[in-house]
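*Asks:* My questions will all concern the structure given below.
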Amino acid sequence: MADETLSLNAKKVYDAMKKLGATSEDKLKTADDIMKSAGIGKGIVTNALQELQNKGYVKRVARQKSAGYYLLK
């Protein structure tokens, strides 16, 4: 991972998303999927996803039930 300014939790979430294969819009993962893969709490995952979004690493897609996320970088 290139960005050293990311928090430890953001890095964990990023790695979990990579492991899950959430690399394009047709491979979206929910915060629950990411939470299970990363082994950290939902609140922490949500905050980390927000951080990753703000820095341009993750895209959020609003859907009917729950939002999906995928990696941009």
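*Asks:* Of all the residues that make up region 29-50, how many are of a type outside the set (Gly, Ala, Ser) and surrounded by fewer than 18 Cβ atoms within 10 Å (Cβ to Cβ)? Working first, answer last.
*Replies:* Pass one, region 29-50, residues of a type outside the set (Gly, Ala, Ser): 29-30, 32-36, 40, 42, 44-47, 49-50.
Then keep just the ones that are surrounded by fewer than 18 Cβ atoms within 10 Å (Cβ to Cβ); that gives 30, 32, 36, 40, 42, 44, 46-47, 50.
Total meeting the criteria: 9.
*Asks:* If you check every pair at least six apart or on different chains, which have Cβ atoms under 7 Å apart with a residue in region 1-30 that is without any contact (Cβ under 8 Å) to a residue 24 or more places away in the chain first and a residue that is assigned to a loop (DSSP other than H, G, I, E, B) and not aromatic (Phe, Trp, Tyr) second?
*Replies:* From region 1-30, the pairs are 11/1.
*Asks:* Taking the condition of being surrounded by 15 or more Cβ atoms within 10 Å (Cβ to Cβ) and part of a helix (DSSP H, G or I), how many residues in region 17-28 meet it?
*Replies:* 2
*Asks:* Next question, about the same structure. Please verify whether residue 4 is more than 13 Å from residue 71 (Cβ to Cβ), assigned to a loop (DSSP other than H, G, I, E, B) and of a type in the set (Asp, Glu), treating the condition exactly as stated. Full working, then the answer.
*Replies:* Values: more than 13 Å from residue 71 (Cβ to Cβ): yes; assigned to a loop (DSSP other than H, G, I, E, B): yes; of a type in the set (Asp, Glu): yes.
Yes, satisfied.
Any read-out appearing in this document is the output of simple, stated calculations on the displayed coordinates, not a laboratory observation. What you see is a predicted model, and the numbers here were worked out from it, not measured in a lab. Cβ: placed from backbone, ideal geometry, glycine included. Neighbour counts: every protein chain shown.
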